[in-house]
1. For the subset of the range 43-54 comprising residues that are in contact with a Gly (Cβ under 9 Å, 6 or more places away or on another chain) and in a loop (DSSP other than H, G, I, E, B), which member is least open to solvent (accessible area, probe 1.4 Å)?
2. Would the range 178-195 turn up any residue that is open to solvent by 80 Å² or more (accessible area, probe 1.4 Å), in contact with a Pro (Cβ under 9 Å, 6 or more places away or on another chain) and over 30 Å from Glu31 (Cβ atoms)?
3. Only one of Met148, Met140 is touching a residue at least 24 places away in the same chain (Cβ under 8 Å), open to solvent by 50 Å² or more (accessible area, probe 1.4 Å), closer than 17 Å to Leu37 by Cβ and outside any helix (DSSP H, G or I); which?
4. Of the numbered conditions (1) modelled with pLDDT under 90; (2) assigned to a loop (DSSP other than H, G, I, E, B); (3) farther than 21 Å from Pro58 by Cα, Met162 fails exactly one; give the number of that condition.
5. Inspect all residues belonging to the range 180-190 and state whether any of them is in contact with a Gly (Cβ under 8 Å, 6 or more places away or on another chain), among the charged types (D, E, K, R) and under 25 Å from Leu63 (Cβ atoms).
6. Scan the range 10-33 and tell me whether some residue there is within 17 Å of the chain's Cα centre (by Cα) and modelled with pLDDT of 95 or more.
7. When you check Ala203 against the structure, is it farther than 26 Å from Ile129 by Cα and open to solvent by less than 80 Å² (accessible area, probe 1.4 Å), yes or no?
8. When the range 67-76 is examined, which residues are found to be of a type outside the set (Gly, Ala, Ser) and open to solvent by less than 20 Å² (accessible area, probe 1.4 Å)?
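The values are calculated or read from the model by the stated rules, or taken from the named source; none is laboratory data. Computed from a predicted structure; not experimentally measured. Neighbour counts are summed over all protein chains in view; Cβ atoms, including those assigned to glycine, are modelled from backbone coordinates with ideal geometry. With ligands, DNA and RNA removed, areas are computed over all heavy atoms of the protein, side chains included. Shrake-Rupley method; radii C 1.70, N 1.55, O 1.52, S 1.80 Å.
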Amino acid sequence: MGYKSLQDCITDLEKHGHLVRIKQEVDPYLEMAAIHLRVYEHQGPALLFENIKGSKFPAVSNLFGTLDRSKFMFRDTLEKIKTLVDIKGDPVKAIKHPFRYLNVAATALSALPMKTGSRAPINFGRTTIGELPQIVNWPMDGGPFVTMPQVYTEDADKPGIMGANLGMYRIQMGGNEYIQDKEIGLHYQLHRGIGIHQAKANAKGQPLKVSIFVGGPPSHPFPP
């Protein structure tokens, strides 16, 4: 079937008994993480926190908490993706047996980056960093973090999609000496793709432009 949005995924999971709504107010400081961890340890369902203290936004967690749920969410494309990975490892297979792999051609094309039209839905409009759920997982954390974002950067020498890097790097939304709603922290290792982009931008004396996405269809943040 394929999900066009995270809401589509939530609706499908709830319909099939894979998701539980938590309507009571939950504190994003340690309490949300404690609930999530306990449910995860018991192989429990995905969780939709509808009433987060200090935020107007809901949050979903534990989407990929079990292998069975992950297979359920990707049930329409999982086998085709496995085939694509197999072809990537041994392209000669596709040359020797072209008709055998025709059915995965559309899946390969759908995986290419595409621009979205101006009519994409916006449910909340503009907001600030401080209005997002300020989730703190551990008492010694320097502040609230987004631990599963999609962080996009481009190569200063070769701008554009083909030289881009899309990775998961922890986003610190506050704490330390960050100016609230004006600065955030981006945690990454220098040898990663984003670190290479940063080094090239530094060499040119340019700031590194970074786009950060949170949420979206489960295929976006799914761990590669």
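1. Only one residue fits best here, namely Gly44.
2. Scanning the range 178-195 turns up no residue that is open to solvent by 80 Å² or more (accessible area, probe 1.4 Å), in contact with a Pro (Cβ under 9 Å, 6 or more places away or on another chain) and over 30 Å from Glu31 (Cβ atoms).
3. The conditions single out Met148.
4. (2)
5. For the range 180-190, residues in contact with a Gly (Cβ under 8 Å, 6 or more places away or on another chain), among the charged types (D, E, K, R) and under 25 Å from Leu63 (Cβ atoms): absent.
6. Yes.
7. It is false that Ala203 is farther than 26 Å from Ile129 by Cα and open to solvent by less than 80 Å² (accessible area, probe 1.4 Å).
8. Listed by number, the residues that qualify are Arg69, Met73.
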